[in-house]
Amino acid sequence: MSAPLHPARPASPPPLPAPGEGPLRAPSAAPAPGAAARTLLLTPGPLTTAPATRAAMAADWGSRDPRFVAMSEGMRARLLAVSELGETHVAVPIQGSGTFAVEAALGTLVPRDGRLLVLVNGAYGRRMVAIARRIGRDCAALEFEEDQAVDPDALDRALRGDPTITDVALVHCETTSGLLNPLGELARVVERHGRALLLDSMSGFGALPLEGARPRAVMASSNKCLEGVPGIGVVLAERAALAGAEGWCHSLALDLHAQWRGFEADGQWRFTPPVQVVAALAAALEAHAAEGGVPARGARYRRNRDVLLEGMTALGFEPYLAPAVQGPIIVTFRTPGWLDFSRLYGALAERGVVLYPGKLTRAESFRIGCIGDVDEADMRRCVEEVGRFLGR
Ligand SMILES: *Cc1c(COP(=O)(O)O)cnc(C)c1O
């Protein structure tokens, strides 16, 4: 008798887990009540959030209720203020993760007969190329090694050599490695050539200044340096460009022009908003302002990074990037040949410190985020836990 090609169908479906049991209630990373120390999510989003941000999610909101509409409009105004781009731009939030905002921005703002140049030195640059190709926008990539910043001279040559390029897409901080691209210089090159800059500042917005750049669009998300929870992508878009982009988008749900018109009409989201995520982001934006805005948040993250780098280096770990290009958002360390990262990960997770696997194409690595509601003492705790694992 030969084995069946398909396993036999069970006579009856497996029983659903009882309420409160089984996979519907996976153990969360939140500390158990009375736990000695809170969990540190040193991942670049979702990340460690403040208690007030999580508490803001405890209420239900009607999406058309004037109080929710006011909160949502306040959130948009705050997002624009954080960008410092002023009245030439508008904040257009969109339901989904950061990639939804990137796809919405590229689909809505790159003209159908335009040509996009994507500057690539990591996975997020490659993702923009993939998006552009998928949605049928003509696209070229200018590629660099993952440990090299995008070179302004190479960009200058590319733009000089190809007058058909209408738009240039850049990743501000490449979260793949933690590399900070030279935004100010690159923006000046794009501007000098009269092209539009579309900036993926997903992992920088709220902590890294725009260095005088005035991109046509800045893409951000609720769950990175703004320290909200996941669920909202944001595009800070040039009002005039948005107004002229009616009908350009390949997608109904991701049409940023239509999304913006919806907000302008009555302050309401076009489709069901993630109301609790909005409430959390509104609370997180208040905390951002109270902390001192972008300069203060950036300074805290730089201190976190410096403490982390010093401690991990003392333990013998080698950072992947040269100091000149290392941003303050996330640090990549080379995984030494003798280290099994999954064991390190598991041991630290047990003790409430969550690390992040690597994403490089060419080097074995792991990452530790410096962002979220965490400070120097938290980074020291992380280093201590790594030392304990190593028996130091
Ligand atoms: C997080 C991130 C994104 C969006 O990723 P999602 O998983 O969709 O949130 C895009 N670009 C960069 C640079 C990022 O760090």
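The alpha carbon gyration tensor of the chain gives principal lengths a ≥ b ≥ c with a/c below 1.5, which makes the shape rounded.
Using the Cβ of ASN121 as centre and a radius below 13 Å, the other residues enclosed give a net charge of -3, where K and R count +1 and D and E count -1. In this label model, ALA299 and ARG214 are separated by 2.9 nm, measuring between points 7 Å along each Cα→Cβ vector. Applying a length cut-off of 18 Å (Cα extent along the axis) and a mean Kyte-Doolittle floor of -0.5 to the DSSP H helices of the chain leaves 66-83, 275-291. The Cβ shell under 12 Å around ILE232 holds other residues with a net charge of +2, Lys and Arg each +1, Asp and Glu each -1.
Relative to the current alpha-carbon distance between LEU252 and ALA141, full extension at 0.36 nm per residue lengthens the span by 37.3 nm.
Remark: relative contact order (the range 135-288) = 16 percent; criterion is Cα-Cα distance under 8 angstrom and separation of 6 or more residues.
Which residue, chosen from LEU155, LEU339, HIS193, occupies the Cα position most advanced towards the positive end of the dipole of the chain, where the dipole is computed from +1 (Lys, Arg) and -1 (Asp, Glu) charges on Cβ about the Cα centre? Positive-most Cα among the choices belongs to LEU339.
Report the relative contact order of the chain, percent, no decimals, based on alpha-carbon pairs under 8 angstrom and at least 6 residues apart.
Working: 747 pairs, mean separation 89.1, N = 392.
Relative contact order comes out at 23 percent.
Note down the magnitude of the dipole of the chain about its Cα centre, charges +1 on Lys and Arg C-beta and -1 on Asp and Glu C-beta and zero elsewhere, to the nearest 20 debye. With only Lys, Arg, Asp and Glu charged at Cβ, the dipole is about 580 debye. Of all DSSP beta bridges confined to the chain, the antiparallel ones make up roughly 55%. For ASP138, the residues 5 or more places off, or on other chains, whose built amide H falls under 5 Å of its own are LEU116.
Over the range 111-201, what is the percentage of antiparallel beta bridges among all DSSP beta bridges, to the nearest 5?
Working: 2 of 16 bridges.
Expressed as a percentage, antiparallel bridges in the range 111-201 total about 10.
Sorted on the mean count of surrounding Cβ atoms within 10 Å across their residues, most packed first, peptides 144-154, 366-376 read 366-376, 144-154. For the range 178-318, the per residue solvent-accessible surface stands at 35 Å², with DNA, RNA and ligands left out and a 1.4 Å probe.
Highest mean first, the peptides 55-61, 38-44 sorted by other C-beta atoms within 10 Å per residue fall in the order 38-44, 55-61. Taking Lys and Arg as +1 and Asp and Glu as -1, the other residues whose beta-carbon sits under 9 Å from that of GLY107 total -1. Taking a point 7 Å from the Cα of GLU264 along the Cα-to-Cβ direction, the residues of the range 232-250 with backbone N closer than 11 Å to it are 239-246. Quick one: pull the percent of accessible area on the chain belonging to carbon and sulfur, 1.4 Å probe, ligands and nucleic acids left out. Here carbon and sulfur together make up 55 percent of the probe-accessible area.
The values are calculated or read from the model by the stated rules, or taken from the named source; none is laboratory data. Everything quoted here is computed from the prediction, not taken from an experiment. Every residue, glycine among them, receives a Cβ derived from its backbone with ideal geometry; neighbour counts consider all protein chains shown. Ligands, DNA and RNA are stripped out before the accessible areas are found, and what is left, the full protein with its side chains, is counted by its heavy atoms. Shrake-Rupley method; radii C 1.70, N 1.55, O 1.52, S 1.80 Å.
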